[in-house]
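Notes to accompany the following structure.
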There are 2 protein chains.
Amino acid sequence: MELLKQRILADGKVIGNDCLKVDMFLNHQIDVGLLNEIGREFHRLFAENNITKIVTIEASGIGIACVAAQYFSVPVVFAKKGANKNIGNNLYTADVYSFTKGTTTTIAISKDYLNEKDRVLIIDDFMANGKAAHGLINIINQAGAAVEGIGIVIEKGFQSGGDALRSLGYRVESLAIIKSMENGEIVFG
Amino acid sequence: MELLKQRILADGKVIGNDCLKVDMFLNHQIDVGLLNEIGREFHRLFAENNITKIVTIEASGIGIACVAAQYFSVPVVFAKKGANKNIGNNLYTADVYSFTKGTTTTIAISKDYLNEKDRVLIIDDFMANGKAAHGLINIINQAGAAVEGIGIVIEKGFQSGGDALRSLGYRVESLAIIKSMENGEIVFG
């Protein structure tokens with residue numbers, strides 16, 4: 001998605017060789033006009049899949065998922081992280097390991113909001129090693145629902161998450177894939 | 001907002017005398033069509049205020065803020081909670097006490113995304129004792145920006161947060177105010 005790539009080049013900040021900060025427009029301050037174009041593109045890619053629900057994970061995925069969901073006219077369900085979930089005990093859960101933090105977090109979705117008739121599009125802001133996506137897939141499988149696809153705004157193509165999921169047969173559509181960002185230079189794949 | 005009140009009566013669950021669960025349509029599963037009507041109503045209420053930024057707090061506020069922001073054509077900035085903020089060190093911070101959890105959390109917004117020219121609309125899903133709103137106001141004041149108003153989806157009118165903010169001169173607009181919910185019966189104010 002050209003608009004997104006141009007925005008990453010203009011406003012993304014590379015830290016070291018593998019950290020990309022996009023908090024100016026995607027995950028702290030949010031450019032909602034850009035989000036709208038991102039939502040439109042996800043809908044173009046998955047319009048034929050009869051999506052019934054968009055699933056994401058708090059916090060950065062929520063805004064993207066909600067704006068995209070307007071194009072699909074389906075509800076969003078976001079997985080909650082950690083102990084203070086306040087969504088009852090009737091839960092599907094999965095453990096997600098974070099390389100960045102070196103910790104494992106339990107994510108949860110209430111059994112009330114996913115079922116075996118659902119055709120799910122997973123949406124998230126970033127894909128690196130894919131651990132969050134695997135956790136969501138695990139939960140969607142527990143519900144007996146179908147994973148129709150995974151829509152990612154920015155994939156770190158130099159990490160293995162996206163291709164590992166593709167090799168398992170999942171349709172992963174990333175709107176920008178970064179091949180490398182050594183020496184501060186972003187190269188798209 | 002009548003549509004919202006009807007939805008609360010239909011799908012909200014009262015637990016005890018003071019807990020209202022709306023995770024079927026607002027803060028776990030999200031009815032994005034309803035969010036769109038909520039956004040439209042916030043815009044109707046604050047259309048004359050020349051809002052330049054919508055500020056909210058992770059996680060439940062983000063979807064509401066993003067959908068509402070489409071009506072205002074302004075960016076959203078969401079305050080991050082806790083230690084793993086990953087937004088650098090150039091931060092405005094405030095401490096927010098949670099009665100529910102009995103703990104204090106530090107919330108933060110990068111100094112890059114709020115300044116003295118901003119006219120801010122705060123948006124959140126719930127108002128009870130108002131501690132989150134006070135934390136956001138504190139941060140907005142640190143930035144020298146103006147708090148134009150506070151838009152709340154559901155206010156617990158039997159708790160003091162909303163009226164305390166009104167008595168301080170803030171314009172608090174709550175789309176549904178719950179006067180009481182004793183014995184499971186929701187009464188709007």
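FYI, it's all coordinate maths here, none of it is from the lab. None of the values given here were measured: they were computed from a predicted structure. Note that we place each Cβ from the backbone using ideal geometry, even for glycine, and neighbour counts take in every protein chain shown.
³J(HN,Hα) across the stretch A:98-104 via Karplus (A = 6.51, B = -1.76, C = 1.60, θ = phi - 60°), whole Hz, x for Gly/Pro?
9, 5, 4, 9, x, 10, 9
What is the mean number of Cβ atoms from other protein chains located within 10 Å of the Cβ atom of each residue in peptide B:51-57, rounded to a whole number?
Neighbouring Cβ atoms belonging to other protein chains average 1 per residue here.
Along the charge dipole of the protein assembly as shown, which of B:Ser73, B:Gly184, B:Thr104 sits closest to the positive end, that is, farthest toward it, with unit charges on the beta carbon of Lys, Arg, Asp and Glu (+1, +1, -1, -1)?
In the protein assembly as shown, that residue is B:Thr104.
Among B:Ser180, A:Ser60, B:Ser167, which comes first, then next, by fewest other beta-carbon atoms within 10 Å? Spell out each step's value before the answer.
Details: B:Ser180 15, A:Ser60 25, B:Ser167 9.
Neighbour counts put them in this order, fewest first: B:Ser167, B:Ser180, A:Ser60.
Could you give log10 I(q)/I(0) at q = 0.21, 0.25, 0.26, 0.27 Å⁻¹ for the stretch B:119-178, computed by the Debye formula over C-alpha point scatterers of equal weight, without solvent?
Debye intensities relative to I(0), on a log10 scale: -0.72, -1.00, -1.08, -1.16.
Can you give the % of DSSP beta bridges in the stretch A:1-107 that are antiparallel, to the nearest 5?
70 percent
Just to be sure I understand: with springs between alpha-carbon atoms less than 10 Å apart, which residue in B:Ile30, B:Ile140, B:Ile51 has the highest mean-square fluctuation in the Gaussian network model of chain B?
Most flexible of the set in this elastic network: B:Ile30.
In nm, one decimal, shortest first: how far is the label point of B:Ser98 (7 Å from Cα along Cα to beta carbon) from the matching points in the other copies?
Shortest to longest, the spacings are 1.4 nm.
If we count every other residue with Cβ under 11 angstrom of B:Val96's Cβ, Lys/Arg +1 and Asp/Glu -1, where does the sum land?
Computed value for this residue: +2.
Show that you can apply the helix-only estimate: for chain A, add -39,500 (n - 2.57) for every DSSP H stretch of four or more residues, divide by all residues, and state [θ] at 222 nm to the nearest 500.
Dividing the helical sum by the residues of chain A leaves -9000 deg cm²/dmol.
As a test, work out the antiparallel percent of DSSP beta bridges whose residues both lie in chain B, rounded to the nearest 5.
Within chain B, antiparallel bridges account for around 40 percent of the total.
Against the longest principal axis of chain B, how steep is helix B:131-142, in degrees 0 to 90 to the nearest 10, with axes from Cα atoms?
20 degrees
For chain B, take the longest principal axis of its alpha carbons; what is the angle in degrees between that and the long axis of helix B:32-46, to the nearest 10 within 0 to 90?
Compared with the principal axis, the helix lies near 60 degrees.
Excluding A:Ile62 itself, what net charge comes from residues whose Cβ is under 12 Å from its Cβ, given Lys and Arg +1 and Asp and Glu -1?
So the surrounding residues net to -3.
Quick one: angle between helix B:2-11 and the longest Cα principal axis of chain B, in degrees between 0 and 90, rounded to 10, please.
70 degrees
Can you tell me what the convex hull of the Cα atoms of the protein assembly as shown projects to on average, as an area in nm²?
Directional mean of the projected Cα hull area for the protein assembly as shown stands at 17.6 nm².
What's log10 of I(q)/I(0) for the stretch B:59-117 at q = 0.13 Å⁻¹, Debye sum over Cα points only, no solvent?
-0.42
Return the inverse of the average 1/r over all pairs of distinct C-alpha atoms in the stretch A:1-110, which is the Kirkwood hydrodynamic radius, in Å to one decimal.
One over the average 1/r among Cα pairs gives 15.8 Å for the stretch A:1-110.
Got a sec to turn the phi values of the stretch A:148-155 into Karplus ³J(HN,Hα) couplings, 6.51 cos²θ - 1.76 cosθ + 1.60 with θ = phi - 60°, whole Hz, x for Gly and Pro?
Going residue by residue, I get 7, x, 10, x, 10, 6, 10, 9 Hz, with x marking Gly and Pro.
For A:Asp112, go 7 angstrom from Cα along the Cα-to-Cβ vector, then report the distances to that same point in the other copies in nm, smallest first.
Spacings between copies for this position, smallest first, are 3.9 nm.
Which of the aspartates and glutamates could a cross-linker bridge to B:Lys179, judged by Cα under 12 Å and excluding same-chain residues fewer than eight apart?
Correct list for B:Lys179: B:Asp18, B:Glu155.
Relative contact order for the stretch B:2-188 using alpha-carbon pairs under 8 Å, separation at least 6, rounded to a whole percent?
Numbers: 361 pairs, mean separation 37.5, N = 187.
The normalised contact order for the stretch B:2-188 reaches 20 percent.
Using a Gaussian network for chain B with springs between C-alpha atoms less than 10 Å apart, which of these wobbles most: B:Thr103, B:Thr52, B:Thr93?
Comparing B:Thr103, B:Thr52, B:Thr93 in a Gaussian network model of chain B, the most mobile one is B:Thr103.
Report, to one decimal in Å, the Kirkwood hydrodynamic radius for chain B based on all distinct Cα pairs. Could you put the intermediate results ahead of the total?
Numbers: mean 1/r = 0.0597 Å⁻¹.
This gives a value of 16.7 Å.
Which whole number gives the average, over all residues in B:64-70, of C-beta atoms from other chains lying within 10 Å of the residue C-beta?
Values: counts 3, 5, 10, 7, 1, 8, 6.
Mean shielding by partner chains, rounded to a whole number: 6.
Could you give, in nm with one decimal, how far A:Gly144 is from each other copy of that position, shortest first, with labels 7 Å out from Cα toward Cβ?
6.1
Distance in nm between label sites at A:Gln6 and B:Arg44, each 7 Å beyond Cα in the beta-carbon direction?
3.7 nm
Give me the number: length gained by fully extending B:Glu182 to B:Leu168, i.e. 0.36 nm times residue separation minus the C-alpha to C-alpha distance, one decimal in nm.
2.2 nm is the gain from fully extending B:Glu182 to B:Leu168.
Report the equivalent ellipsoid semi-axes for the stretch B:7-60 in whole Å, largest first, defined as the square roots of five times the eigenvalues of the gyration tensor built from alpha carbon atoms.
Ellipsoid half-lengths, sorted descending, are 26, 13, 11 Å.
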